[in-house]
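The values are calculated or read from the model by the stated rules, or taken from the named source; none is laboratory data. Computed from a predicted structure; not experimentally measured. Reconstructed Cβ throughout: ideal geometry from the backbone, glycine too, with neighbour counts over all protein chains shown. Just so you know, the surface numbers come from the protein's heavy atoms only, side chains and all, with ligands and any DNA or RNA stripped out. Shrake-Rupley method; radii C 1.70, N 1.55, O 1.52, S 1.80 Å.
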Amino acid sequence: MKVLLFGIAKDIIGASEFEVPAQPKQPSTVKELKDVLVVLFPEFDKLSSFAIAVNSEYADENVFLNSHDEIAIIPPVSGG
């Protein structure tokens, strides 16, 4: 499962794309994906929030994921 990364999420992982490990099992929901990211990259837990988009639409934590979905991590943004 490939995930596209932007902003601080890209900085945390050190790449613009990340392949989620299939073992022990691939995440089946957005919530499970967030949990995997925090385990693999504890810096995600320090973010006030981050959104996940599935197939170009913001997704809540209950959305189911498929291996062919386009997934993007969208970090919090600030403006002025």
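The one condition from (1) within 13 Å of the chain's Cα centre (by Cα); (2) closer than 17 Å to residue 17 by Cα that residue 68 does not meet is (1). A search for C-beta distances below 8 Å between a residue of region 40-63 that is within 18 Å of residue 26 (Cα to Cα) and in a loop (DSSP other than H, G, I, E, B) and any residue that is open to solvent by 80 Å² or more (accessible area, probe 1.4 Å) and of a type in the set (Lys, Arg), counting only pairs 6+ apart in sequence or on different chains, returns 61/31; 62/31. Residue 27 falls short on exactly one of the conditions (1) modelled with pLDDT of 90 or more; (2) out of contact with any strand residue (DSSP E or B) (no Cβ under 7 Å at 6 or more places or on another chain); (3) open to solvent by 40 Å² or more (accessible area, probe 1.4 Å), and that condition is (3). For residue 63, the criteria (1) closer than 14 Å to residue 75 by Cα; (2) open to solvent by 40 Å² or more (accessible area, probe 1.4 Å) hold in every case but one, which is (1).
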